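Q: Right, I'll just put the structure down here and ask away after.
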Amino acid sequence: MTTTGTAPASTFEELYGHAPEGVWAAPGRVNLIGEHTDYNDGFVLPIAIPQAVRAYVRRRDDGVLRLASTRVPGPAVELDVAGLAPGGVAGWAAYPAAVVWTLRRAGRGVGGADVLLDSDVPGGAGLSSSAALECAVAAAYNDLYELKLEAGELALIAQRAENEFVGVPCGIMDQMASMVCRAGAALYLDTRDLSARHVPLDLAGAGLTLLVLDTRVQHDLADGAYAALRAGCERAAGLLGLSALRDLAPADLPAAFARLPAELVPLVRHVVTENDRVERALDELERHGPAALGPILTAGHASLRDDYRTSCPETDLAAEAAVAAGALGARMTGGGFGGSVIALTETAKAQAVADAVAGAFAKAGYAEPHVYRAVPSAGARREA
Ligand code: GLA
(Lines give C-alpha, C1' and ligand atoms only; values in the text may rest on other atoms or scores of the structure.)
Protein backbone atom coordinates (compact mmCIF):
# COMPACT_ATOMS: atom_id res chain seq x y z
CA MET A 1 0.00 0.00 0.00
CA THR A 2 1.43 3.41 -0.92
CA THR A 3 0.68 5.89 1.79
CA THR A 4 2.54 9.04 0.83
CA GLY A 5 0.55 12.02 1.99
CA THR A 6 -2.10 9.92 3.74
CA ALA A 7 -2.59 10.26 7.52
CA PRO A 8 -1.68 6.99 9.26
CA ALA A 9 -5.11 6.74 10.92
CA SER A 10 -6.76 6.73 7.47
CA THR A 11 -4.23 4.23 6.20
CA PHE A 12 -5.09 2.04 9.20
CA GLU A 13 -8.78 2.15 8.29
CA GLU A 14 -8.06 1.37 4.64
CA LEU A 15 -5.87 -1.58 5.58
CA TYR A 16 -7.90 -3.10 8.35
CA GLY A 17 -11.46 -1.85 7.81
CA HIS A 18 -11.79 -0.23 11.23
CA ALA A 19 -10.21 2.56 13.29
CA PRO A 20 -7.29 2.08 15.71
CA GLU A 21 -8.12 2.10 19.42
CA GLY A 22 -5.18 4.36 20.16
CA VAL A 23 -1.77 5.71 19.18
CA TRP A 24 1.39 5.13 21.21
CA ALA A 25 4.64 7.01 20.55
CA ALA A 26 8.15 5.97 21.61
CA PRO A 27 11.19 8.12 20.74
CA GLY A 28 14.66 7.44 19.42
CA ARG A 29 17.64 8.56 21.49
CA VAL A 30 21.10 10.01 21.40
CA ASN A 31 23.53 9.02 24.10
CA LEU A 32 25.53 11.94 25.51
CA ILE A 33 28.20 9.71 27.07
CA GLY A 34 28.52 6.12 28.30
CA GLU A 35 29.03 4.03 25.16
CA HIS A 36 29.31 0.25 25.32
CA THR A 37 28.99 0.46 29.09
CA ASP A 38 25.43 -0.89 29.40
CA TYR A 39 26.27 -4.55 28.82
CA ASN A 40 29.06 -4.12 31.37
CA ASP A 41 26.59 -3.13 34.13
CA GLY A 42 27.84 0.47 33.82
CA PHE A 43 26.46 3.98 33.49
CA VAL A 44 24.88 5.83 30.56
CA LEU A 45 23.55 9.34 29.97
CA PRO A 46 21.13 9.41 27.01
CA ILE A 47 18.38 11.81 26.01
CA ALA A 48 15.27 10.98 24.01
CA ILE A 49 14.96 12.89 20.72
CA PRO A 50 11.80 14.40 19.22
CA GLN A 51 11.65 11.79 16.44
CA ALA A 52 9.50 8.80 17.40
CA VAL A 53 7.88 5.60 16.21
CA ARG A 54 4.09 5.71 16.44
CA ALA A 55 2.07 2.52 16.75
CA TYR A 56 -1.59 2.71 15.70
CA VAL A 57 -3.14 -0.35 17.28
CA ARG A 58 -6.42 -2.18 17.70
CA ARG A 59 -6.62 -5.28 19.87
CA ARG A 60 -7.91 -8.49 18.29
CA ASP A 61 -9.23 -11.44 20.22
CA ASP A 62 -8.70 -14.14 17.57
CA GLY A 63 -4.95 -14.63 18.06
CA VAL A 64 -4.05 -12.96 14.76
CA LEU A 65 -1.31 -10.32 14.64
CA ARG A 66 -1.38 -8.10 11.56
CA LEU A 67 1.58 -5.77 11.05
CA ALA A 68 1.98 -2.96 8.55
CA SER A 69 4.28 0.04 8.22
CA THR A 70 3.76 3.33 6.42
CA ARG A 71 7.35 2.96 5.20
CA VAL A 72 6.85 -0.43 3.61
CA PRO A 73 4.54 -0.77 0.63
CA GLY A 74 2.32 -3.81 0.37
CA PRO A 75 -0.30 -5.58 2.45
CA ALA A 76 -0.02 -6.28 6.18
CA VAL A 77 2.10 -9.23 7.37
CA GLU A 78 -0.27 -11.68 9.04
CA LEU A 79 0.95 -13.92 11.87
CA ASP A 80 -0.56 -16.36 14.33
CA VAL A 81 0.62 -15.29 17.82
CA ALA A 82 0.58 -18.87 19.13
CA GLY A 83 2.96 -19.90 16.34
CA LEU A 84 5.54 -17.13 16.83
CA ALA A 85 9.09 -18.42 17.17
CA PRO A 86 12.56 -16.82 16.98
CA GLY A 87 13.81 -16.92 13.40
CA GLY A 88 10.26 -17.31 12.09
CA VAL A 89 9.62 -13.69 11.10
CA ALA A 90 11.82 -11.82 8.65
CA GLY A 91 12.70 -8.14 8.33
CA TRP A 92 11.12 -5.21 10.19
CA ALA A 93 8.07 -7.28 11.28
CA ALA A 94 10.35 -9.34 13.54
CA TYR A 95 10.60 -6.39 15.99
CA PRO A 96 6.90 -5.96 16.83
CA ALA A 97 6.37 -9.75 16.66
CA ALA A 98 9.28 -10.14 19.10
CA VAL A 99 7.53 -7.98 21.69
CA VAL A 100 4.33 -10.03 21.49
CA TRP A 101 6.30 -13.29 21.71
CA THR A 102 8.26 -12.01 24.74
CA LEU A 103 5.14 -10.88 26.58
CA ARG A 104 3.65 -14.34 26.08
CA ARG A 105 6.87 -16.02 27.23
CA ALA A 106 6.78 -13.81 30.33
CA GLY A 107 3.42 -15.32 31.16
CA ARG A 108 1.30 -12.37 30.06
CA GLY A 109 -1.62 -13.88 28.20
CA VAL A 110 -1.65 -11.43 25.33
CA GLY A 111 -3.21 -12.15 21.96
CA GLY A 112 -3.33 -10.46 18.59
CA ALA A 113 -3.71 -6.96 17.26
CA ASP A 114 -3.90 -4.89 14.13
CA VAL A 115 -0.82 -2.67 14.08
CA LEU A 116 0.32 0.12 11.77
CA LEU A 117 3.73 1.63 12.44
CA ASP A 118 4.73 5.12 11.41
CA SER A 119 8.16 6.57 12.14
CA ASP A 120 10.25 9.66 11.66
CA VAL A 121 13.28 8.18 13.44
CA PRO A 122 15.94 7.84 10.74
CA GLY A 123 16.79 4.14 10.37
CA GLY A 124 20.40 2.94 10.41
CA ALA A 125 21.54 6.26 11.88
CA GLY A 126 22.46 4.99 15.34
CA LEU A 127 19.40 6.73 16.80
CA SER A 128 17.70 3.59 18.08
CA SER A 129 14.83 3.22 15.68
CA SER A 130 14.54 -0.49 16.60
CA ALA A 131 14.19 0.16 20.32
CA ALA A 132 11.64 2.89 19.60
CA LEU A 133 9.60 0.44 17.55
CA GLU A 134 9.73 -2.22 20.26
CA CYS A 135 8.80 0.27 22.96
CA ALA A 136 5.85 1.73 21.03
CA VAL A 137 4.40 -1.77 20.60
CA ALA A 138 5.13 -2.71 24.23
CA ALA A 139 3.39 0.45 25.47
CA ALA A 140 0.36 -0.25 23.26
CA TYR A 141 0.06 -3.85 24.48
CA ASN A 142 0.49 -2.72 28.08
CA ASP A 143 -2.58 -0.51 27.78
CA LEU A 144 -4.75 -2.60 25.46
CA TYR A 145 -4.18 -5.83 27.42
CA GLU A 146 -4.21 -4.00 30.79
CA LEU A 147 -0.86 -5.49 31.81
CA LYS A 148 -0.06 -2.70 34.29
CA LEU A 149 3.68 -3.08 33.74
CA GLU A 150 5.99 -0.23 34.80
CA ALA A 151 8.08 1.61 32.20
CA GLY A 152 11.26 -0.17 33.36
CA GLU A 153 9.58 -3.58 33.07
CA LEU A 154 8.44 -2.74 29.54
CA ALA A 155 11.99 -1.70 28.65
CA LEU A 156 13.25 -5.09 29.85
CA ILE A 157 10.58 -6.87 27.78
CA ALA A 158 11.66 -4.86 24.72
CA GLN A 159 15.34 -5.66 25.31
CA ARG A 160 14.57 -9.36 25.77
CA ALA A 161 12.56 -9.27 22.54
CA GLU A 162 15.60 -7.95 20.69
CA ASN A 163 18.04 -10.34 22.41
CA GLU A 164 16.04 -13.55 22.19
CA PHE A 165 13.74 -13.17 19.19
CA VAL A 166 15.58 -10.80 16.85
CA GLY A 167 18.95 -12.14 17.96
CA VAL A 168 20.81 -8.89 18.68
CA PRO A 169 22.69 -9.01 22.02
CA CYS A 170 22.07 -5.32 22.86
CA GLY A 171 22.19 -3.82 26.35
CA ILE A 172 19.33 -1.98 28.07
CA MET A 173 20.21 1.67 27.32
CA ASP A 174 18.12 2.26 24.20
CA GLN A 175 14.92 0.70 25.53
CA MET A 176 15.22 2.49 28.88
CA ALA A 177 15.87 5.82 27.14
CA SER A 178 12.86 5.35 24.89
CA MET A 179 10.56 4.33 27.75
CA VAL A 180 11.52 6.64 30.61
CA CYS A 181 13.29 9.81 29.40
CA ARG A 182 11.67 13.15 30.19
CA ALA A 183 11.50 16.36 28.19
CA GLY A 184 14.21 18.81 29.22
CA ALA A 185 16.33 16.18 30.95
CA ALA A 186 19.04 13.59 30.38
CA LEU A 187 18.66 10.14 31.92
CA TYR A 188 21.47 9.14 34.26
CA LEU A 189 21.03 5.39 34.42
CA ASP A 190 22.80 2.70 36.38
CA THR A 191 22.32 -0.29 34.10
CA ARG A 192 23.08 -2.76 36.91
CA ASP A 193 19.96 -2.05 38.95
CA LEU A 194 18.15 0.32 36.55
CA SER A 195 18.09 3.10 39.13
CA ALA A 196 17.69 6.36 37.23
CA ARG A 197 17.88 10.08 37.77
CA HIS A 198 16.43 12.72 35.46
CA VAL A 199 19.11 15.39 35.17
CA PRO A 200 17.83 18.79 33.95
CA LEU A 201 19.43 19.69 30.62
CA ASP A 202 18.42 23.12 29.37
CA LEU A 203 20.56 23.44 26.26
CA ALA A 204 18.64 26.37 24.76
CA GLY A 205 18.76 28.29 28.05
CA ALA A 206 22.55 27.90 28.07
CA GLY A 207 22.76 29.20 24.48
CA LEU A 208 23.76 25.75 23.23
CA THR A 209 22.70 23.41 20.45
CA LEU A 210 23.29 19.69 20.23
CA LEU A 211 23.71 18.80 16.58
CA VAL A 212 23.18 15.26 15.34
CA LEU A 213 25.26 14.61 12.24
CA ASP A 214 24.06 11.42 10.59
CA THR A 215 26.96 10.20 8.46
CA ARG A 216 24.55 7.91 6.57
CA VAL A 217 26.97 5.03 6.69
CA GLN A 218 26.31 1.75 8.42
CA HIS A 219 29.02 -0.82 7.97
CA ASP A 220 28.03 -4.43 7.47
CA LEU A 221 30.27 -5.70 10.21
CA ALA A 222 28.20 -3.88 12.86
CA ASP A 223 26.20 -6.83 14.23
CA GLY A 224 28.96 -9.40 14.44
CA ALA A 225 31.42 -6.84 15.75
CA TYR A 226 29.05 -5.73 18.51
CA ALA A 227 28.60 -9.31 19.70
CA ALA A 228 32.37 -9.89 19.59
CA LEU A 229 33.06 -6.76 21.65
CA ARG A 230 30.49 -7.79 24.21
CA ALA A 231 31.99 -11.27 24.42
CA GLY A 232 35.48 -9.73 24.85
CA CYS A 233 34.28 -7.64 27.79
CA GLU A 234 32.63 -10.63 29.43
CA ARG A 235 35.78 -12.69 28.96
CA ALA A 236 37.89 -9.96 30.55
CA ALA A 237 35.54 -9.68 33.53
CA GLY A 238 35.70 -13.47 33.96
CA LEU A 239 39.52 -13.49 33.86
CA LEU A 240 39.58 -10.77 36.50
CA GLY A 241 37.10 -12.62 38.69
CA LEU A 242 34.49 -9.86 38.40
CA SER A 243 30.82 -10.17 37.60
CA ALA A 244 31.16 -7.20 35.19
CA LEU A 245 33.75 -4.58 34.15
CA ARG A 246 31.67 -2.01 35.99
CA ASP A 247 33.37 -3.28 39.16
CA LEU A 248 36.76 -1.99 38.04
CA ALA A 249 37.86 1.57 38.92
CA PRO A 250 40.40 3.59 36.88
CA ALA A 251 42.96 3.14 39.67
CA ASP A 252 42.67 -0.66 39.33
CA LEU A 253 43.63 -0.62 35.65
CA PRO A 254 47.42 -1.17 35.80
CA ALA A 255 47.03 -4.26 37.99
CA ALA A 256 44.19 -5.55 35.81
CA PHE A 257 46.18 -5.09 32.58
CA ALA A 258 48.95 -7.29 33.99
CA ARG A 259 46.43 -10.14 34.22
CA LEU A 260 44.85 -9.78 30.78
CA PRO A 261 45.87 -10.87 27.28
CA ALA A 262 47.00 -7.90 25.19
CA GLU A 263 43.94 -7.91 22.94
CA LEU A 264 41.57 -7.30 25.86
CA VAL A 265 43.50 -4.37 27.35
CA PRO A 266 42.07 -1.61 25.11
CA LEU A 267 38.51 -2.91 25.56
CA VAL A 268 38.81 -2.81 29.33
CA ARG A 269 40.46 0.61 29.23
CA HIS A 270 37.60 2.01 27.18
CA VAL A 271 34.84 0.62 29.41
CA VAL A 272 36.45 1.70 32.67
CA THR A 273 37.40 5.19 31.50
CA GLU A 274 34.00 5.60 29.84
CA ASN A 275 32.16 4.81 33.07
CA ASP A 276 34.36 7.41 34.72
CA ARG A 277 33.48 9.91 31.98
CA VAL A 278 29.77 9.41 32.70
CA GLU A 279 30.36 10.17 36.39
CA ARG A 280 32.41 13.26 35.50
CA ALA A 281 29.82 14.38 32.96
CA LEU A 282 27.09 14.20 35.59
CA ASP A 283 29.21 16.17 38.01
CA GLU A 284 30.12 18.84 35.44
CA LEU A 285 26.54 19.12 34.25
CA GLU A 286 25.22 19.67 37.75
CA ARG A 287 27.97 22.03 38.86
CA HIS A 288 28.87 24.01 35.76
CA GLY A 289 26.10 23.43 33.23
CA PRO A 290 26.02 21.72 29.83
CA ALA A 291 28.88 23.65 28.18
CA ALA A 292 31.28 21.79 30.52
CA LEU A 293 30.40 18.51 28.77
CA GLY A 294 32.34 19.44 25.62
CA PRO A 295 35.81 18.07 26.45
CA ILE A 296 34.32 14.89 27.94
CA LEU A 297 32.49 14.19 24.68
CA THR A 298 35.66 14.64 22.65
CA ALA A 299 37.65 12.39 25.00
CA GLY A 300 34.89 9.77 24.68
CA HIS A 301 35.26 9.81 20.91
CA ALA A 302 39.03 9.32 21.13
CA SER A 303 38.46 6.29 23.34
CA LEU A 304 35.96 4.77 20.88
CA ARG A 305 38.35 5.46 18.01
CA ASP A 306 41.64 4.32 19.57
CA ASP A 307 40.63 1.71 22.17
CA TYR A 308 37.21 0.30 21.39
CA ARG A 309 37.64 0.77 17.63
CA THR A 310 33.94 1.22 16.91
CA SER A 311 34.38 4.47 15.01
CA CYS A 312 35.06 4.64 11.29
CA PRO A 313 36.61 7.22 8.92
CA GLU A 314 33.28 9.02 8.42
CA THR A 315 32.47 9.41 12.12
CA ASP A 316 36.06 10.39 12.89
CA LEU A 317 35.95 13.07 10.21
CA ALA A 318 32.59 14.42 11.42
CA ALA A 319 33.80 14.67 15.02
CA GLU A 320 37.12 16.27 14.03
CA ALA A 321 35.60 18.76 11.61
CA ALA A 322 32.96 19.80 14.16
CA VAL A 323 35.54 20.53 16.85
CA ALA A 324 37.85 22.28 14.36
CA ALA A 325 34.91 24.54 13.41
CA GLY A 326 34.37 25.58 17.02
CA ALA A 327 32.11 22.93 18.57
CA LEU A 328 32.72 22.53 22.31
CA GLY A 329 32.94 18.77 21.86
CA ALA A 330 31.86 15.97 19.55
CA ARG A 331 31.62 12.20 19.56
CA MET A 332 30.07 9.28 17.82
CA THR A 333 26.88 8.14 19.55
CA GLY A 334 25.39 4.63 19.66
CA GLY A 335 26.75 1.23 18.70
CA GLY A 336 29.10 2.57 16.05
CA PHE A 337 30.66 1.49 12.73
CA GLY A 338 28.85 4.44 11.19
CA GLY A 339 25.68 6.15 12.31
CA SER A 340 25.62 9.57 13.93
CA VAL A 341 28.01 11.99 15.61
CA ILE A 342 26.74 14.48 18.18
CA ALA A 343 28.37 17.91 18.38
CA LEU A 344 27.73 20.31 21.26
CA THR A 345 28.09 23.87 20.11
CA GLU A 346 27.15 27.41 20.98
CA THR A 347 23.94 28.05 19.09
CA ALA A 348 25.54 31.01 17.33
CA LYS A 349 28.09 28.64 15.78
CA ALA A 350 25.76 25.72 15.04
CA GLN A 351 25.26 26.53 11.37
CA ALA A 352 28.98 27.06 10.81
CA VAL A 353 29.74 23.72 12.48
CA ALA A 354 27.15 21.88 10.36
CA ASP A 355 28.49 23.58 7.21
CA ALA A 356 32.08 22.69 8.10
CA VAL A 357 31.20 19.01 8.52
CA ALA A 358 29.25 19.00 5.23
CA GLY A 359 32.22 20.70 3.54
CA ALA A 360 34.70 18.18 4.93
CA PHE A 361 32.45 15.33 3.76
CA ALA A 362 32.17 16.77 0.26
CA LYS A 363 35.96 17.12 0.08
CA ALA A 364 36.43 13.51 1.22
CA GLY A 365 33.89 12.28 -1.36
CA TYR A 366 31.38 11.13 1.31
CA ALA A 367 27.60 11.50 1.00
CA GLU A 368 26.18 14.70 2.49
CA PRO A 369 25.45 14.18 6.18
CA HIS A 370 21.91 14.66 7.46
CA VAL A 371 21.79 17.23 10.24
CA TYR A 372 19.27 17.39 13.10
CA ARG A 373 19.05 19.39 16.31
CA ALA A 374 18.52 17.14 19.32
CA VAL A 375 16.19 18.53 21.97
CA PRO A 376 15.83 16.43 25.16
CA SER A 377 12.34 14.99 24.70
CA ALA A 378 9.75 12.83 26.45
CA GLY A 379 9.79 9.04 26.56
CA ALA A 380 7.02 6.67 25.48
CA ARG A 381 3.44 7.86 25.88
CA ARG A 382 -0.08 7.32 24.64
CA GLU A 383 -1.02 10.10 22.23
CA ALA A 384 -4.59 9.24 21.35
C1 GLA B 1 23.59 -0.07 20.82
C2 GLA B 1 22.94 -1.01 21.85
C3 GLA B 1 23.00 -0.41 23.25
C4 GLA B 1 24.41 0.03 23.61
C5 GLA B 1 25.00 0.90 22.48
C6 GLA B 1 26.44 1.23 22.72
O7 GLA B 1 22.83 1.09 20.69
O8 GLA B 1 21.59 -1.25 21.51
O9 GLA B 1 22.51 -1.34 24.20
O10 GLA B 1 25.23 -1.05 23.91
O11 GLA B 1 24.90 0.24 21.22
O12 GLA B 1 26.58 2.04 23.83
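The values are calculated or read from the model by the stated rules, or taken from the named source; none is laboratory data. Values in this document were obtained by computation on a predicted structure and should not be read as measured data. Methodologically, a virtual Cβ is constructed for each residue, glycine included, from the backbone with ideal geometry; neighbour enumeration extends over all protein chains shown. Quick note on the areas: whole protein, heavy atoms, side chains included, nothing else; ligands and nucleic acids left out. Shrake-Rupley method; radii C 1.70, N 1.55, O 1.52, S 1.80 Å.
Q: From Ala113, Ala186, grab the single residue that is over 21 Å from His36 (Cβ atoms) and buried (at least 20 other Cβ atoms within 10 Å of the Cβ).
A: Working: Ala186 fails: over 21 Å from His36 (Cβ atoms).
Only one candidate passes the filter, namely Ala113.
Q: Shifting gears a bit: Which residues, taken from the stretch 228-257, are among the hydrophobic types (A, V, I, L, M, F, W, C) and open to solvent by 40 Å² or more (accessible area, probe 1.4 Å)? Working first, answer last.
A: Filtering the stretch 228-257 down to residues among the hydrophobic types (A, V, I, L, M, F, W, C) leaves 228-229, 231, 233, 236-237, 239-240, 242, 244-245, 248-249, 251, 253, 255-257.
Within the stretch 228-257, Ala228, Ala231, Leu239, Leu242, Ala249, Ala251, Ala255, Phe257 qualify.
Q: Just name the residue that is nearest to the ligand (Cβ to nearest atom) out of those in the stretch 54-73 that are of a type in the set (A, V, I, L, M, F, W, C) and open to solvent by 10 Å² or more (accessible area, probe 1.4 Å). Let's see the steps before the verdict.
A: So in the stretch 54-73, the residues of a type in the set (A, V, I, L, M, F, W, C) come out as 55, 57, 64-65, 67-68, 72.
Applying the additional criterion that residues be open to solvent by 10 Å² or more (accessible area, probe 1.4 Å) yields 64, 72.
Details: Val64: 30, Val72: 22 Å.
This residue is Val72.
Q: Consider the stretch 146-179. How many of its residues are in contact (Cβ under 8 Å) with a residue 60 or more places away in the chain and either open to solvent by 30 Å² or more (accessible area, probe 1.4 Å) or touching a Cys at 6+ places or on another chain (Cβ under 6 Å) (or both)?
A: Residues that pass the stated criteria total 9.
Q: Look through the stretch 33-53, keep the residues that are surrounded by fewer than 24 Cβ atoms within 10 Å (Cβ to Cβ) and part of a strand (DSSP E or B), and return whichever of them is nearest to the ligand (Cβ to nearest atom).
A: Gln51
Q: Being surrounded by fewer than 19 Cβ atoms within 10 Å (Cβ to Cβ) and not basic (Lys, Arg) is the filter; apply it to the stretch 88-110 and report the residue that is farthest from Leu32 (Cα to Cα).
A: Initial filter on the stretch 88-110 (surrounded by fewer than 19 Cβ atoms within 10 Å (Cβ to Cβ)): 88, 90-91, 104-109.
Then keep just the ones that are not basic (Lys, Arg); that gives 88, 90-91, 106-107, 109.
Working: Gly88: 36, Ala90: 32, Gly91: 29, Ala106: 32, Gly107: 36, Gly109: 38 Å.
Filtering first and then ranking leaves Gly109.
Q: Related question: May I ask you to say which residue of Glu146, Glu153, Glu134 is within 23 Å of Thr70 (Cα to Cα) and among the acidic types (Asp, Glu)?
A: Details: Glu146 fails: within 23 Å of Thr70 (Cα to Cα); Glu153 fails: within 23 Å of Thr70 (Cα to Cα).
On inspection, the qualifying residue turns out to be Glu134.
Q: While we're here: Within the stretch 18-32, can you find the residues that are part of a loop (DSSP other than H, G, I, E, B) and either closer than 23 Å to Arg58 by Cβ or near the ligand (Cβ under 10 Å from one of its atoms) (or both)? Working first, answer last.
A: Let us first name the residues in the stretch 18-32 that are part of a loop (DSSP other than H, G, I, E, B), namely 18-21, 32.
Answer for the stretch 18-32, where residues must be part of a loop (DSSP other than H, G, I, E, B) and either closer than 23 Å to Arg58 by Cβ or near the ligand (Cβ under 10 Å from one of its atoms) (or both): His18, Ala19, Pro20, Glu21.
Q: Shifting gears a bit: Output the strands (runs of 3 or more DSSP E) that fall wholly within the stretch 282-384 and possess 2 or more residues being among the hydrophobic types (A, V, I, L, M, F, W, C) and either open to solvent by 40 Å² or more (accessible area, probe 1.4 Å) or in contact (Cβ under 8 Å) with a residue 24 or more places away in the chain (or both), or say none.
A: Working: elements: 329-333, 338-346, 370-373.
It comes to 329-333, 338-346.
Q: Also, I was wondering about something else. I'm trying to understand the selection: among the residues of the stretch 102-127, which are away from the ligand (no atom under 16 Å from the Cβ), closer than 19 Å to Tyr56 by Cα and in contact with a helix residue (DSSP H, G or I) (Cβ under 8 Å, 6 or more places away or on another chain)?
A: Leu103, Val110, Gly111, Gly112, Ala113, Asp114, Val115, Leu116, Leu117, Asp118, Ser119
Q: Inspect all residues belonging to the stretch 74-86 and state whether any of them is among the aliphatic types (A, V, I, L, M) and either outside the structural domain of Gln159 (by TED's automatic domain parsing) or within 16 Å of the ligand (Cβ to nearest atom) (or both).
A: Of the stretch 74-86, the ones among the aliphatic types (A, V, I, L, M) are 76-77, 79, 81-82, 84-85.
Narrowing further to those that are either outside the structural domain of Gln159 (by TED's automatic domain parsing) or within 16 Å of the ligand (Cβ to nearest atom) (or both): none.
Within the stretch 74-86, none of the residues are among the aliphatic types (A, V, I, L, M) and either outside the structural domain of Gln159 (by TED's automatic domain parsing) or within 16 Å of the ligand (Cβ to nearest atom) (or both).
Q: On the basis of being of a type in the set (Ser, Thr, Tyr) and in contact with a strand residue (DSSP E or B) (Cβ under 7 Å, 6 or more places away or on another chain), does Thr315 make the cut? Break it down into steps so the answer makes sense when it comes.
A: Details: of a type in the set (Ser, Thr, Tyr): yes; in contact with a strand residue (DSSP E or B) (Cβ under 7 Å, 6 or more places away or on another chain): yes.
It is true that Thr315 is of a type in the set (Ser, Thr, Tyr) and in contact with a strand residue (DSSP E or B) (Cβ under 7 Å, 6 or more places away or on another chain).
Conditions (1) of a type in the set (Ser, Thr, Tyr); (2) touching a residue at least 40 places away in the same chain (Cβ under 8 Å), marked per residue:
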{"site": "Arg58", "(1), (2)": "no, yes"}
{"site": "Asp61", "(1), (2)": "no, yes"}
{"site": "Leu65", "(1), (2)": "no, yes"}
{"site": "Gly74", "(1), (2)": "no, yes"}
{"site": "Trp101", "(1), (2)": "no, yes"}
{"site": "Arg104", "(1), (2)": "no, no"}
{"site": "Leu116", "(1), (2)": "no, yes"}
{"site": "Ser119", "(1), (2)": "yes, yes"}
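Q: Name the residue that is modelled with the lowest pLDDT, counting only residues in the stretch 155-186 that are of a type in the set (Val, Ile, Thr) and near the ligand (Cβ under 9 Å from one of its atoms).
A: Step one: list which residues in the stretch 155-186 are of a type in the set (Val, Ile, Thr), which gives 157, 166, 168, 172, 180.
Filter once more, keeping what is near the ligand (Cβ under 9 Å from one of its atoms): 168, 172.
On the way: Val168: 93, Ile172: 98.
Step by step, filter the stretch 155-186, then rank; the result is Val168.
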